[in-house]
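Peer 1: Quick one: the structure is below, questions incoming.
The values are calculated or read from the model by the stated rules, or taken from the named source; none is laboratory data. For clarity, every value in this text was computed on a predicted model and none was experimentally measured. Cβ sites come from the backbone with ideal geometry, for glycine too, and all protein chains shown count toward neighbours. Accessible surface areas use protein heavy atoms only, side chains included; no ligands, DNA or RNA. Shrake-Rupley method; radii C 1.70, N 1.55, O 1.52, S 1.80 Å.
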Amino acid sequence: MSTNRQNRFSPLWLALAAVLGIFIGTFYANHFSGNRLNIINSGSNKLSNLLYIIDDQYVDTVNMADLVEKAMPQILLELDPHSVYISAKDVQTANDDLRGSFSGVGIEFIIRNDTLRVQNVISNGPAEQAGVIAGDKIVMVDDSAFTGKDLSNEEAMHRLKGPKGTRVKLGIVRYGEKKMREITVKRDEIPMKSVTAAYMLDDETGYVKIKNFGENTYNEMLIALAELSMEGFQQLVIDLRGNTGGYLQSAVQIANQFLPKNRLIVYTEGRRSPREDFYSDGRGSHRDMPLVVLIDEGSASASEILAGAIQDNDRGTIIGRRSFGKGLVQKPVEFTDGSMMRLTIARYYSPSGRCIQKPYVSGLDKDYEEDLLMRYQHGEFFSQDSIKHTGPEFHTRNGRLVYGGGGITPDIFVPEDTTDYTSYYKEAAMSGLILQFAYDYTDANRERLKDFDDEVSLVHYLKRQNLVEQFAQYADKHGLKRRNLMIQRSRRLLEQYIMSRMVYNMLDEQAWLQYLNQDDPAIRETLRIFRAGEAFPQAPQADEKGKKNKRVAAAYDYRSTHHVGSMVALWRA
């Protein structure tokens, strides 16, 4: 029986051996003839095989690791504007803001004239405890020179950040001292707050600024609300302007604080990602409080999730300018070498069913990159009638009209005020001269300015120093020709920008915001809405022609990319 079975299967084994022999022969024939493309083209690993051929047969030696690093971003660029590759050396920096802390010395710095200058020192951080103060110049790190044209923000963070508990020796030049100091700092975990301001605008109105949505944002928000409760706030404005987003879950948790039970907050869905709904649980502590949310062109992703949930549920009023328009959800995927990609796996949809993502085409989409500039050129920053809604129409819970496919259009738009705007002011702001002047003035007068511990007293002092005239002389010496008529016309803007930077340099971000908010049109409109009792949107009424009134469209503030309210990129280490 065994012999018969063997005889029966012998032809099969012979056939398999013949096929295998042909395959092996073809492989080696193609390999030695320098042609393997037929194998590659028929397989699913074309890219990996391509890299193998380059490594195996290319005329010159190729650094394959470097080639892959350059290829990865280009491959993801062909998918959508928000799928990105992050190299191993940049992963920590990319994650720090969202993680809520980093390990370093605890300073905010800028680089001026090839020298790192300490802008601020984190309160109770390791640098402060070691004796570093704002205004110090760091010229050496661990006995190596730390100045020159090659000094960059990335290099500074690389040298100053490090594992918790490690030490770094800093060579510091302090204003008014000729001899360099040596200060050793023991690195520690440095908290990075995403709720950067919480204070009372008036006796009843609380204000909260959310800078981004990180791991700790929800807890920080609860603390901020508790502090405002102690001051008796009865209505709230949440400022999301310039907030580029972060974790979806943080936005959902905050929306939950303000919505009744079983209200849809957001849902996500993708080709391989089944629909997932996020509902409110009814446990929020401020479900009935009058609410306003501020947005602008810098509000994206998680900011739009929160604003969309409030708007579509008719829970509060959205004021400001049309948001960025990012409705794609990214999943982090880590590689063994420490690098990472953020791959778009789904779209998110607001409660009404609209996707906020603005249109794009695969590949390098120039129109997508220049969208804000195009909005400005088309007049959208200045006129609500210039907004062209091309996306589908949806309706809020009360039946108000909203649009998909291009950001969130606020319920009330605040037009850009160009009355005091001149080409002199634009050049002064865009060139960085105002920032440089503000820093130099602060540094030279730090001992005097330290006497003022709040923005009200500091601004009262600064207003008597004729700062606009001092700046005009400073700018003239640094290449910006004096234009007296333009300076006079833009005096209010120039003074506000200059003083705002000095307030930030000497105090903190909350003081900076408190100063700017005093003359902010969006804040004025917010307070008007509260006084009029109009924070809760109502269902649209039919007009005389029987048509429903459409909600107000938003305008854009081009100046917000460089005006006094813009936060300058300060680097932390």
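Peer 1: Regarding residue 184, is this residue open to solvent by 20 Å² or more (accessible area, probe 1.4 Å), assigned to a strand (DSSP E or B), out of contact with any Cys (no Cβ under 7 Å at 6 or more places or on another chain) and over 19 Å from residue 510 (Cβ atoms)?
Peer 2: Details: open to solvent by 20 Å² or more (accessible area, probe 1.4 Å): yes; assigned to a strand (DSSP E or B): yes; out of contact with any Cys (no Cβ under 7 Å at 6 or more places or on another chain): yes; over 19 Å from residue 510 (Cβ atoms): yes.
The answer is yes for residue 184.
Peer 1: In addition: Name the residue that is modelled with the lowest pLDDT, counting only residues in region 358-408 that are assigned to a helix (DSSP H, G or I), under 14 Å from residue 324 (Cα atoms) and not aliphatic (A, V, I, L, M).
Peer 2: It comes out as 376.
Peer 1: While we're here: Determine whether region 556-573 contains at least one residue that is in a loop (DSSP other than H, G, I, E, B), in contact with a strand residue (DSSP E or B) (Cβ under 7 Å, 6 or more places away or on another chain) and either surrounded by fewer than 20 Cβ atoms within 10 Å (Cβ to Cβ) or modelled with pLDDT of 80 or more (or both).
Peer 2: Yes; the residues of region 556-573 include at least one that is in a loop (DSSP other than H, G, I, E, B), in contact with a strand residue (DSSP E or B) (Cβ under 7 Å, 6 or more places away or on another chain) and either surrounded by fewer than 20 Cβ atoms within 10 Å (Cβ to Cβ) or modelled with pLDDT of 80 or more (or both).
Peer 1: Taking interchain pairs and intrachain pairs at least six residues apart, which have beta carbon atoms under 9 angstrom, with the first residue in region 395-412 and within 9 Å of residue 354 (Cα to Cα) and the second basic (Lys, Arg)?
Peer 2: From residues that are within 9 Å of residue 354 (Cα to Cα), the pairs are 402/354; 402/551; 403/354; 404/354; 405/354; 405/358.
Peer 1: Do you know which of the residues in region 208-228 that are not in a helix (DSSP H, G or I) and not hydrophobic (A, V, I, L, M, F, W, C) is most open to solvent (accessible area, probe 1.4 Å)?
Peer 2: Per the criteria, the residue is 215.
Peer 1: What do you reckon, is residue 501 crowded, with 19+ Cβ neighbours inside 10 Å and among the basic types (Lys, Arg)?
Peer 2: Yes, satisfied.
Peer 1: Can you tell me which residues in region 504-514 are in contact with a Phe, Trp or Tyr (Cβ under 9 Å, 6 or more places away or on another chain) and open to solvent by 20 Å² or more (accessible area, probe 1.4 Å)?
Peer 2: Kept after step one, since they are in contact with a Phe, Trp or Tyr (Cβ under 9 Å, 6 or more places away or on another chain), are these residues of region 504-514: 504-507, 510-514.
Residues satisfying the conditions are 506, 507, 510, 514.
Peer 1: Still on this model: Looking at (1) under 18 Å from residue 313 (Cα atoms); (2) open to solvent by 80 Å² or more (accessible area, probe 1.4 Å), which is the one condition that is false for residue 236?
Peer 2: The one condition residue 236 does not meet is (2).
Matching residues to (1) open to solvent by less than 50 Å² (accessible area, probe 1.4 Å); (2) at pLDDT 85 or above:
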| residue | (1), (2) |
| --- | --- |
| 11 | no, no |
| 23 | no, no |
| 34 | yes, no |
| 50 | no, yes |
| 59 | no, yes |
| 71 | yes, yes |
| 92 | no, no |
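Peer 1: Here is a follow-up. For region 170-178, state whether one or more residues are of a type outside the set (Ser, Thr, Tyr), at pLDDT 90 or above and open to solvent by 20 Å² or more (accessible area, probe 1.4 Å).
Peer 2: yes
Peer 1: Then there's this: Residues in region 246-289 that are touching an Asp or Glu at 6+ places or on another chain (Cβ under 8 Å) and part of a helix (DSSP H, G or I): how many?
Peer 2: Here the count works out to 2.
Peer 1: From the residues in region 295-330 that are farther than 21 Å from residue 520 by Cβ and aliphatic (A, V, I, L, M), which one is surrounded by the most Cβ atoms within 10 Å (Cβ to Cβ)?
Peer 2: 305
Peer 1: Another question about this same structure. With the structure loaded, tell me whether residue 277 is surrounded by 23 or more Cβ atoms within 10 Å (Cβ to Cβ), out of contact with any helix residue (DSSP H, G or I) (no Cβ under 9 Å at 6 or more places or on another chain) and not aliphatic (A, V, I, L, M) or whether it fails that test.
Peer 2: Taking the combined requirement at face value, the residue does not satisfy it.
Peer 1: Being exposed (fewer than 15 other Cβ atoms within 10 Å of the Cβ), modelled with pLDDT of 95 or more and at positive phi is true for just one of 466, 484. Which residue is that?
Peer 2: Criteria check complete, one pass: 466.
Peer 1: Which of the residues belonging to region 248-265 are out of contact with any His (no Cβ under 8 Å at 6 or more places or on another chain), crowded, with 19+ Cβ neighbours inside 10 Å and not small (Gly, Ala, Ser)? Please lay out each step first, then the result.
Peer 2: First pass over region 248-265, keeping only residues out of contact with any His (no Cβ under 8 Å at 6 or more places or on another chain): 248-256, 259-265.
From the residues that got through so far, the ones that are crowded, with 19+ Cβ neighbours inside 10 Å too are 248, 250-256, 259, 263-265.
Result: 248, 252, 253, 254, 256, 259, 263, 264, 265.
Peer 1: A further question on this structure: Please count how many residues of region 103-148 are touching a strand residue (DSSP E or B) at 6+ places or on another chain (Cβ under 8 Å) and over 24 Å from residue 193 (Cα atoms).
Peer 2: 12
Peer 1: Testing residue 197 on (1) surrounded by fewer than 21 Cβ atoms within 10 Å (Cβ to Cβ); (2) within 24 Å of residue 88 (Cβ to Cβ); (3) touching a helix residue (DSSP H, G or I) at 6+ places or on another chain (Cβ under 7 Å), one condition comes back false. Which one is that?
Peer 2: (2)
Peer 1: Need pairs with beta-carbon distance below 6 Å; first residue in contact (Cβ under 8 Å) with a residue 40 or more places away in the chain and of a type in the set (Val, Ile, Thr) and within region 500-518, second assigned to a helix (DSSP H, G or I) and open to solvent by 40 Å² or more (accessible area, probe 1.4 Å); sequence gap 6+ or separate chains.
Peer 2: none
Peer 1: A further question follows. Is it the case that residue 322 is part of a strand (DSSP E or B), within 23 Å of the chain's Cα centre (by Cα) and of a type outside the set (Val, Ile, Thr)?
Peer 2: Spelling it out, it is not the case that residue 322 is part of a strand (DSSP E or B), within 23 Å of the chain's Cα centre (by Cα) and of a type outside the set (Val, Ile, Thr).
Peer 1: Could you count how many residues in region 469-480 are aromatic (Phe, Trp, Tyr) and loosely packed, with under 13 Cβ neighbours inside 10 Å?
Peer 2: 0
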